[in-house]
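The values are calculated or read from the model by the stated rules, or taken from the named source; none is laboratory data. If you're wondering where the values come from, they're calculated on a predicted model, not measured in any experiment.
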Amino acid sequence: MDCICWIIGGLLGFGALVDYIAKKRSIELDPEEGIKNASEAEQIYVENYLYQTKENNNHFQ
């Protein structure tokens with residue numbers, strides 16, 4: 001059990017460190033920008049996945 005806590009804590013700490021460095025260097029991380037460099041098939045796949053996720057989440061309301 002202690003090992004899992006250390007792993008989760010390490011991952012959270014790593015994420016916080018990356019976020020801190022990105023803010024310090026004024027790096028803009030825009031998820032929409034990444035999809036622009038994808039192929040047409042990848043864009044369709046991602047848009048379909050996002051649509052399905054949205055539809056699945058709407059059924060829980």
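Tabulated values for the structure
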read-out: Qualifying position, being polar (S, T, N, Q) and modelled with pLDDT of 85 or more, among Asn48, Asn37; value: Asn48
read-out: Members of region 12-31 found to be part of a helix (DSSP H, G or I) and at pLDDT below 85, listed by number; value: Ala22, Pro31
